[in-house]
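The values are calculated or read from the model by the stated rules, or taken from the named source; none is laboratory data. Predicted, not measured: the structure shown is a model, and the values here were computed from it. Cβ placement follows ideal geometry from the backbone for every residue including glycine, while neighbour counts extend to all protein chains displayed.
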Amino acid sequence: MIKINDRSEKQEVSHELKLMLERLQETVKSLIKIEVGVNISTKASAFDIVLTADFNDVDGLDEYRVHPEHVKVLDFLKIVMDKAVVVDYNI
């Protein structure tokens, strides 16, 4: 989950980030499926983006982490993100 900082236009940034993340499906071979949701809640405790990404294995996740297109998303996040919460797990 990602919380956009207060210096950014949350709705605009959230939708731009959603598109950037969804485009990764086309370029990152190890990414099987990605789902990105934009928050609709007005609660102060709510985060702005939720992301679920599926990989065959940890090696696929590791490939995703360093893929140049994913790194571009990370660079964007450094500008607009306040904080993130991450859980990586096996099914």
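If you check ALA84, ALA53, ALA44 for being loosely packed, with under 10 Cβ neighbours inside 10 Å, under 15 Å from MET1 (Cβ atoms) and among the small types (Gly, Ala, Ser), only one passes: ALA44. Does segment 68-79 contain at least one residue that is within 12 Å of the chain's Cα centre (by Cα), in a loop (DSSP other than H, G, I, E, B) and closer than 17 Å to MET1 by Cβ? No, the conditions are met nowhere in segment 68-79. When segment 9-34 is filtered for residues that are assigned to a strand (DSSP E or B) and either of a type in the set (A, V, I, L, M, F, W, C) or surrounded by 12 or more Cβ atoms within 10 Å (Cβ to Cβ) (or both), only ILE34 remains. Here the condition is being modelled with pLDDT of 95 or more and under 15 Å from the mean Cα position of the chain (by Cα); of ASP57, ASP48, it holds for ASP48 alone.
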